[in-house]
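The values are calculated or read from the model by the stated rules, or taken from the named source; none is laboratory data. Quantities reported herein were computed from a predicted structural model and do not represent experimental measurements. Because the Cβ atoms are built from the backbone with ideal geometry, glycine has one as well, and the counts that use them run over all protein chains shown.
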Amino acid sequence: MMTLERYHGVEIYNTSCDYERNTGLSAAHIDGVIVAGRRPWIYAVDDHHGADRPNLPLDACGAWISVKAPSLDVKSIMESIRGGLFYSSTGPEIRSIGIDGDGVISVECSPVKTISFVSTPSLGMKFYAEETPLTHASYPGMPGETYVRVEVTDILGRTAWSNPIYNET
C-alpha cells in the first residue's frame, strides 16, 4: 500500500474472505498505513465468491457502507463517498460523530457492547457496556494523536467502522 499512489480507500472487512479463510479483517494493516502517512477511507464490503461448500454461510449482504448524502441521486451519493461521508458496517449503526470546541469526539450509535476510539499506536480508548448496552461515548483525545477512528461492536460481534478523523494541528 505504501508504493501505490492515488487510491481512494481500503477494505477494513470483507465478508467473503472472513467466511472462507478467516482473513476478512484488516484493521491493523489500515492503522499501519495511516501511521505511515497515507490517508485512506475505510470500506467494508462483500463480493460474493459463490463458494459452494457445506456449512459455509452466504457471503452476500454481510458488509456495506452507509452514506450521508443530501439526496439519493448518484451524483450526491458519489460526492459524499469521495468526501468520506460514510461509515462501514456488518450490522451496528453509527448515528452521529461530532467534535466539540475542545476537541472531544462524541459518537452516538445503535446499542452495542463496545465503543472504541482507535488511534495512533498506544493511544485511544475503549468503552465497555456493563449492565445495559452503550449508545454513546465521548473521548477527549490524547497528546500525540495523528488520527482517531471509531469502531462499535454489538453483542453478536458485528462491527461498524468510521473513517479516520485526522488531527490537522
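Overview of values
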item: Any hit, the stretch 76-88, residues being in contact (Cβ under 8 Å) with a residue 60 or more places away in the chain, assigned to a helix (DSSP H, G or I), surrounded by fewer than 19 Cβ atoms within 10 Å (Cβ to Cβ) and touching a His at 6+ places or on another chain (Cβ under 9 Å); result: yes
item: Residue match in the stretch 81-94 (condition: of a type in the set (D, E, K, R) and within 13 Å of the chain's Cα centre (by Cα)); result: yes
item: All positions within the stretch 129-145 that are modelled with pLDDT under 95 and either in contact with a strand residue (DSSP E or B) (Cβ under 6 Å, 6 or more places away or on another chain) or surrounded by 15 or more Cβ atoms within 10 Å (Cβ to Cβ) (or both); result: G141, E145
item: Scope the stretch 152-169; condition closer than 14 Å to I94 by Cα and either touching a Lys or Arg at 6+ places or on another chain (Cβ under 8 Å) or buried (at least 22 other Cβ atoms within 10 Å of the Cβ) (or both); matching residues; result: V152, T153, D154, T159, A160, W161, S162, N163, P164
item: Subset tally (residues that are surrounded by 12 or more Cβ atoms within 10 Å (Cβ to Cβ) and assigned to a helix (DSSP H, G or I)) for the stretch 1-49; result: 14
item: Residues that are out of contact with any helix residue (DSSP H, G or I) (no Cβ under 7 Å at 6 or more places or on another chain), surrounded by fewer than 16 Cβ atoms within 10 Å (Cβ to Cβ) and part of a loop (DSSP other than H, G, I, E, B), drawn from the stretch 94-128; result: D100, G101, D102, G103, V104, S122
item: Some residue of the stretch 56-64 being out of contact with any Asp or Glu (no Cβ under 7 Å at 6 or more places or on another chain), closer than 30 Å to N167 by Cβ and not acidic (D, E); result: yes
